[in-house]
Amino acid sequence: MSALAVRWTQHHPRIFLVLAALLWWGLYQTLQPLSEVVVAALPVDRQSHLGAALQFFLYDTPKVLLLLTGIVFVMGVINTYFTPERTRALLAGRREGLANVMAALLGIVTPFCSCSAVPLFIGFLQAGVPLGVTFSFLIAAPMVNEVALTLLFGMLGWKIALLYLGLGLSVAIVAGLIIGKLNMEPYLEDWVCDIPRAEAQFTAVEVDFGERLAAGFQSVRDIVGKVWPYILAGIAIGAGIHGYVPQDFMASFMGKSAWWSVPLAVVLGVPMYTNAAGIIPVVQALLDKGAAVGTVLAFMMSVIALSLPEMVILRKVLKVRLIAAFIGIVATGILIVGYVFNWVL
């Protein structure tokens with residue numbers, strides 16, 4: 001964005017927001033017909049495997065990027081109200097129970113990535129946030145984040161997005177409560193226990209609406225700029241599944257009748273590393289080919305919430321026994337979610 005456009009945005013933020021929303025909506029409405037025109041212009045039979053794969057890729061790529069850009073911008077503005085410092089201050093000194101619910105809810109709107117797991121974890125404990133409450137936040141933040149919910153809503157509908165929200169929050173809250181009840185503080189690394197406690201302080205800073213919009217733009221640059229390769233890879237895989245995998249093929253080993261498919265999906269998801277933006281196109285393609293909703297979403301949740309790289313990062317602050325308990329409790333919750341989805345839908 002040019003310096004002139006930035007200045008105009010800061011001086012007329014509400015007008016800009018209305019114009020940007022209208023432009024975004026207009027672009028979104030053109031995606032389906034435009035992708036069909038492009039595929040029709042290519043020397044490819046639309047009914048062939050390659051034609052179906054190209055249609056999926058050319059439609060879903062701009063769709064996912066447009067959805068992601070819109071929600072990241074909005075959440076970037078919202079995040080100016082919920083900084084990590086303010087989040088710590090809101091949770092510090094609160095008792096378990098209600099605090100776990102608050103932590104899980106704050107995890108949805110607070111910026112989080114695997115690389116920030118350790119400093120956030122230390123900051124929470126240093127501020128006096130209970131261990132179980134800290135885990136509720138750390139589980140909810142990557143698993144039930146705004147990107148996952150928006151893409152699920154845009155690609156699979158509000159019912160699945162709402163079910164995912166409710167059950168994902170339940171996993172985060174219950175897992176945090178269980179970890180808190182187990183009194184596993186002795187299984188923190190010794191250097192973490194030796195960190196002196198500090199009062200959680202938060203000083204409100206007056207931020208005008210133009211600056212909040214600028215924060216939204218910065219979030220788009222930071223987040224979309226990092227995840228777009230995962231998005232393209234995920235959509236490419238999804239396009240291949242959509243174009244070349246026979247209809248209902250996935251039902252044989254990822255359908256409701258295969259009771260073992262949910263635990264298998266969780267086991268397969270843990271060693272993988274991607275994010276919601278990269279995995280949801282794959283989820284959509286698997287569902288189109290007959291995979292059960294619960295099985296596929298259990299796979300998605302395990303990829304996002306129990307990724308091996310995040311476990312490696314958390315090993316810096318947690319002993320092996322606490323990591324094992326964390327994985328076991330969250331994996332059990334994901335299994336329950338998978339079976340509930342398959343039973344309900």
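The values are calculated or read from the model by the stated rules, or taken from the named source; none is laboratory data. The shown structure was predicted, so the numbers you read here are calculated from the model rather than taken from an experiment. Heads up, the Cβs are rebuilt from the backbone with ideal geometry, glycines too, and the neighbour counts pull from every protein chain shown. Side chains included, ligands, DNA and RNA excluded: accessible areas come from the protein's heavy atoms. Shrake-Rupley method; radii C 1.70, N 1.55, O 1.52, S 1.80 Å.
Observations
- Residue within region 71-88 that is closer than 20 Å to TYR244 by Cβ, at pLDDT 80 or above, within 23 Å of the chain's Cα centre (by Cα) and among the aromatic types (Phe, Trp, Tyr) present: no
- Residue check, GLY166 open to solvent by less than 50 Å² (accessible area, probe 1.4 Å), modelled with pLDDT of 85 or more and out of contact with any helix residue (DSSP H, G or I) (no Cβ under 8 Å at 6 or more places or on another chain): yes
- Only residues that are among the small types (Gly, Ala, Ser), farther than 17 Å from THR295 by Cα and within 15 Å of the chain's Cα centre (by Cα) were counted across region 149-165, and they come to 1.
- Within region 1-33, considering residues that are modelled with pLDDT of 80 or more and open to solvent by 100 Å² or more (accessible area, probe 1.4 Å), the one nearest to the chain's Cα centre (by Cα): TRP25
- Restricted to region 283-342, and to residues there that are farther than 17 Å from GLY176 by Cα, assigned to a helix (DSSP H, G or I) and of a type in the set (Ser, Thr, Tyr), the residue that is least open to solvent (accessible area, probe 1.4 Å) is THR295.
- The single condition among (1) at pLDDT 80 or above; (2) within 16 Å of MET301 (Cβ to Cβ) that GLY269 does not meet is (1).
- Output for region 215-245, where each listed residue is among the β-branched types (Val, Ile, Thr) and farther than 21 Å from LEU58 by Cα: VAL220, ILE223
- Among the residues listed as PRO62, PRO130, the single one being at pLDDT 80 or above and more than 23 Å from the chain's Cα centre (by Cα): PRO130
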